[in-house]
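To start, the structure itself, in structure tokens.
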Amino acid sequence: MSVLDNTSTVLASGVRLTVPLAFAACGEYVAERAGTMNISVEAMMLGAAFTSIATASATGSATVGLAVGVVTGLVLGFVHGNLSHRVQINTFVVGLVLNALVLGLTSYLITINEFVSHQVGMLSIPLLRDIPIIGGPLFAERWPAFLLLLLVPLTWWLMERSRWGLELRAVGENPQAADVTGIKVNLRRRQALLWCGALAGLGGAYLAVGEVGSFNQNMTAGRGYIVIAAVIFGAWRLGRTLLGCLVFGLSDAMRLALPALGVTLNAQLLVAAPYLLALLAMLMFTTQHREPAALGRPFERGST
């Protein structure tokens, strides 16, 4: 294969691996701007991946499976929000428990069930797909990937131009002041978690019925934590967050592509590369950029 062919192959793999991260990152970005460090994004992606392939196998429709994956993410977002805000359990504890619960439950269920492989269809844009190097990777993908063209600007508009987004940013920066103005702080944070759940569910479902077509144990393999790192890498800005997803996706693609291209490197180092990159990004950018002032802090009316 020529250098151009190799480059196109790596780029295609990188784009496919970036898409589920980008879906989830659009949701995590909203949750964190509202002041919620949503650790359970990993559970949302993994749970959605399982239910999407299980539903697709039962119904014969990958599209129905994709929709059920979104609903699964919504349910987990609802559970997280209510345990954190109504029962007032520490949000980090809730997130970690949900991650462990979903991992254990899906690991068990996959051993007692057999699922038929299903994938959503391809969508190829004429002329654009013929552009050298980037045409195939960008313009010939599974059709849900193109939903990002709608969801990314919609997420930006909601956060930066809508009243709802203004209130989310207010509760993420100063929830006490937002409460004084009449904004229901914990309600807005639960709504942000639902948005995050829906998009993380879409990302997990895409991973199962879009990218792979099946489910295996611990399928997300820490991608939820990489999404959190991407938001930090992006300094809580949507464009930079998506750039971080692309960086992590390409790093993962290199791990898969280099051995196939005959490049010999330490196998353990290749496996660890995306996670090392995520760790380095968190270490570098958390000290250089200011996160939302109330990020990770629970809100109680009357507290200061």
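Things worth noting here:
- Boolean, Thr59 is free of Cβ contacts under 8 Å to residues at least 24 places away in the same chain, open to solvent by 20 Å² or more (accessible area, probe 1.4 Å), out of contact with any strand residue (DSSP E or B) (no Cβ under 8 Å at 6 or more places or on another chain) and more than 21 Å from Phe146 (Cα to Cα): yes
- Looking across region 213-225, the residues that are at pLDDT 90 or above and either closer than 13 Å to Met45 by Cβ or buried (at least 24 other Cβ atoms within 10 Å of the Cβ) (or both) come down to Phe215, Asn218, Met219, Thr220, Arg223, Gly224, Tyr225.
- Count - residues of region 226-261 that are of a type in the set (Ser, Thr, Tyr) and surrounded by fewer than 20 Cβ atoms within 10 Å (Cβ to Cβ): 1
- Residue under evaluation Leu83, criteria (1) surrounded by fewer than 24 Cβ atoms within 10 Å (Cβ to Cβ); (2) in contact with a helix residue (DSSP H, G or I) (Cβ under 6 Å, 6 or more places away or on another chain); (3) at positive phi, criterion not met: (3)
- Per-region count, region 100-153, residues modelled with pLDDT of 90 or more, part of a helix (DSSP H, G or I) and closer than 21 Å to Leu11 by Cβ: 8
- Qualifying positions in region 20-43 - of a type in the set (A, V, I, L, M, F, W, C) and either part of a loop (DSSP other than H, G, I, E, B) or surrounded by fewer than 24 Cβ atoms within 10 Å (Cβ to Cβ) (or both): Ala34, Met37, Ile39
- Members of region 169-186 found to be open to solvent by 10 Å² or more (accessible area, probe 1.4 Å) and within 22 Å of the chain's Cα centre (by Cα), listed by number: Arg169
- Test: residue in region 191-206 that is more than 19 Å from Asn38 (Cα to Cα), in contact with a Pro (Cβ under 6 Å, 6 or more places away or on another chain) and touching a residue at least 60 places away in the same chain (Cβ under 8 Å): yes
- Counted as qualifying within region 158-249 are the helices (runs of 4 or more DSSP H) with 2 or more residues that are touching an Asp or Glu at 6+ places or on another chain (Cβ under 6 Å) and hydrophobic (A, V, I, L, M, F, W, C), namely 185-205, 223-233.
- Considered as a group, the residues in region 194-206 that are of a type in the set (A, V, I, L, M, F, W, C) and touching a Leu at 6+ places or on another chain (Cβ under 9 Å) include one that is surrounded by the most Cβ atoms within 10 Å (Cβ to Cβ), and that residue is Ala200.
The values are calculated or read from the model by the stated rules, or taken from the named source; none is laboratory data. Keep in mind that what you see is a predicted model, and the values were worked out from it rather than measured. A quick note on method: Cβ atoms are made from the backbone with ideal geometry, for glycine too, and the neighbour counts reach across all protein chains shown. Side chains are part of the model used for accessible areas, which takes the heavy atoms of the whole protein and leaves out ligands, DNA and RNA. Shrake-Rupley method; radii C 1.70, N 1.55, O 1.52, S 1.80 Å.
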